[in-house]
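Please read the structure below before turning to the comments.
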Amino acid sequence: MTDETAPARFRWLPKPLRPPVPMPYRAERVILLVGAAAFFAGYDQNVFGLAAPQIQATFHIPDNQLGPTVALFRTATVFALLIAASADLVGRRRLLLVTLFGQALFTLLTAFTQNYEQFVAMQFLTRVFGYAEEMLCFVVVAEEMAAGARGWANGTLSALYYMGAGVASLIFALVTVLPSEWRAIYVIGAIPIFLVAWLRKRLPETQRFAEREKVIRTMSKAAEALSLLKDIARQYPGRVISIVIAASAFGFAISPATVLGATYLQTVYHYSPGQTTLLLVPGGLVGLVLAIAAGRLSDRIGRKPLAIAIAALAGICFYFFYSGAPAWMMPPLWILAFFGFFSGDALIAGFALEIVPTAYRATVSGLRYVFEIACGAVALWLEGSLFDLYGAHGPAIQLCLASLPITLAILLFLPEPAGKSLEEMTRA
């Protein structure tokens, strides 16, 4: 028995949170390595949401331009899609290493920006690579996990991503005493530059892509790309359109609520950076445990019922979070709302990965992600205008949540992938 096929033990997780079916050590190694990349992606992409008031003060950004600023960042998804989709041509491993390095480099450069324009440019480039990296992490995990554990794997990967965001919030608590304040948080986010060489030696290409590559390696990349796009449009138009619409409505509804959460706490409830962290971190830890448990439960009862319930929970809790609720209600609302957000997002991402063949998986995953982020960007632009109308973030964000029922309705019509192999799903 080789190390690759030896049984995985997952001793780094409590027993109730371990995968529901036995898996080889290779699967454990993959999820740890890819999870490390997801962890730093979560860190880098959540710094602005935490430190927005301090960055506002540095670059004199008006309140009604916070949403539009994040919307500018999110236009990076167009370029991220091109990078992620190319993984269907050149491989998951190679592109994951490139995106991790690019994200870390531009996160570091963000710390040295001197004006608003430079800041937006560096964050735009950070997210080009960061968004592509997030797409690829889910693709790698989906292709390497056992059929009975893909939901658990998506939940675990999502938990590691938001653990990175939790670490960012811990460091944010020290923002007033760190040298260069918020800039130091971005410098710390460049650590993944050193992770690249480590991953390069240890992260394998996914077995499914390696097998497919043997079949199509005689084709030119241009011919292969054209053939891939034609085949997607011909074979799975209904599935692709459905998942794109569901993700778009979810992104539109949830993005303003998640991006502006820390700002809302600091400006409306007058939380200090330290108090914000005291709410985010314990609540985030509870949410992480719930996310892994939800992923595991989805392998047992199905993705569809759980995704619908969790997405609805996110919408309800975010609505009350931004309603001017009493201060004592904010911690439980925060925990449940963010759990609903990142668990619901992971389940929707899983649909995009599980309902199409290996040949299209990175491309369709990228389409799902780019539309979700792009529609979130539209909502953030709209939130800026609604802020002018209402004079507050709360009612503006509540109006954006109105698109969430579209997601719930679309999910009803997608095929159920729980417990089925990826090959079975493509024949369904």
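Each reported figure results from applying straightforward, stated rules to the coordinates on display, with no laboratory input. Quick caveat, the model's predicted, so the values are computed rather than measured. Cβ: placed from backbone, ideal geometry, glycine included. Neighbour counts: every protein chain shown.
Could the peptides 124-135, 383-394 be put in order, highest first, of the mean number of other beta-carbon atoms found within 10 Å of their residues?
Values: 124-135: 26.8, 383-394: 17.5.
Result, highest mean Cβ count within 10 Å first: 124-135, 383-394.
Could I have the simple spin-label model distance between PHE124 and TYR269, label points 7 Å from Cα toward Cβ, reported in nm to one decimal?
Output for this residue pair reads 3.5 nm.
Could you please rank TYR116, TYR319, placing first whichever residue has the fewest other Cβ atoms within 10 Å of its Cβ?
Going from least to most buried by this count: TYR116, TYR319.
Suppose only helical runs count, i.e. DSSP H with n ≥ 4. What mean residue ellipticity at 222 nm does that imply for the chain under -39500 (n - 2.57) per run, divided by all residues and rounded to the nearest 500 deg cm²/dmol? Numbers along the way, then the final one.
Working: 20 runs with 327 residues, N = 428.
Per the formula, -25500 deg cm²/dmol.
Compute the normalised compactness of the range 21-427: alpha-carbon radius of gyration over 2.2 N^0.38 Å, N being the residue count.
The reported ratio for this selection is 0.93.
Going highest first, how would you order 104-112, 36-44 by mean Cβ packing within 10 Å?
Highest to lowest by the protection proxy: 36-44, 104-112.
Over every pair of different alpha-carbon atoms in the range 1-149, take the mean of 1/r and invert it; report that Kirkwood radius in Å.
17.1 Å
Between ALA392 and LEU32, how many nm apart are label points set 7 Å from Cα along the C-beta direction?
Between ALA392 and LEU32, the simple spin-label model gives 4.9 nm.
Which order do peptides 396-405, 168-177, 242-251 fall in by mean Cβ count within 10 Å, highest first?
With the highest mean Cβ count within 10 Å placed first, the list reads 242-251, 396-405, 168-177.
Quickly work out the LYS15-to-THR176 label distance, labels modelled 7 Å from Cα along the C-beta direction, and quote it in nm with one decimal.
For the pair THR176/LYS15, the computed spacing is 4.6 nm.
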